[in-house]
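Everything below concerns the one structure shown next.
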């Protein structure tokens, strides 16, 4: 069992207001993205969701990310199985997200897979899916959603930390083992586990479009030290950690590096594992991500 921040339940009246506000935010996000988001249970929709996942990750061999039978069982058991449909294209399924509940005392939903078709990227369909998931989870008494993502992928780090205001809780080296798919290649599958505290004002603000902004340049000017930077030729460069705030860089496009320069990609993986993973293990907290490619961390013992 991984360590996550404890979820705090609210009073019934506050819960009602919180859920209503979350559903309003979800409706607004879907409208802005030009899509509809709702739970799915029909076999045709479940099959389409599986095809979407396969098309995004392109797993090697018979290593399916999800099967129709699995999604059918998850839905029947009360887990989260939802999809986004393009309102302007005959309600084509263009995004999907699945999650399951943790042990009953935790009040936690673990979001396992979320993906959006390539043609819909840039329209905030993923944001609409996550805001829907928040409202759905709050309706069922869950106050926290956790999930994992590759810490080297800039757009995912910004989406999860900056746009959704989720907080990294743990660094997980080679979490899934070899996947050998179109995204991870042969690289180790290191992941950051994040916890999204659904009832926190910061999460509510994020779902209404008020995102967490981090400016790495301003942080450096204010005294934050670079714990991991890059050399002139784009290689990772670890530096001594000093002061209560640190910045950790990630490469511009790790997926292209894996295809074109796997040795450099492996070097970045090792460096981020050592520096970012080491800081988290020592009790530092990620408090932001600059979409230019920088994690901002603070030493909680120095606060």
Q: List the helices (runs of 4 or more DSSP H) that sit entirely inside segment 196-303 and contain at least 2 residues that are surrounded by 14 or more Cβ atoms within 10 Å (Cβ to Cβ) and touching a helix residue (DSSP H, G or I) at 6+ places or on another chain (Cβ under 8 Å).
A: 201-207, 254-260, 262-281
Q. For residue 96, are the conditions met, namely being buried (at least 20 other Cβ atoms within 10 Å of the Cβ), at pLDDT 95 or above, within 20 Å of the chain's Cα centre (by Cα) and more than 22 Å from residue 24 (Cβ to Cβ)?
A. yes
Q) Can you tell me how many residues in segment 44-68 are part of a helix (DSSP H, G or I) and either farther than 24 Å from residue 137 by Cβ or in contact with a strand residue (DSSP E or B) (Cβ under 8 Å, 6 or more places away or on another chain) (or both)? A) 13
**Q.** Positions within segment 143-159 being crowded, with 24+ Cβ neighbours inside 10 Å and under 16 Å from residue 114 (Cβ atoms), in sequence order
**A.** 145, 157
**Q.** Residue satisfying condition, being over 21 Å from the mean Cα position of the chain (by Cα) and not assigned by TED's automatic domain parsing to the domain that holds residue 133, within set 235, 258
**A.** 235
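The values are calculated or read from the model by the stated rules, or taken from the named source; none is laboratory data. None of these values were measured; they are calculated from a predicted model. In this analysis, Cβ positions are derived from the backbone assuming ideal geometry, glycine residues included, and neighbour counts consider all displayed protein chains.
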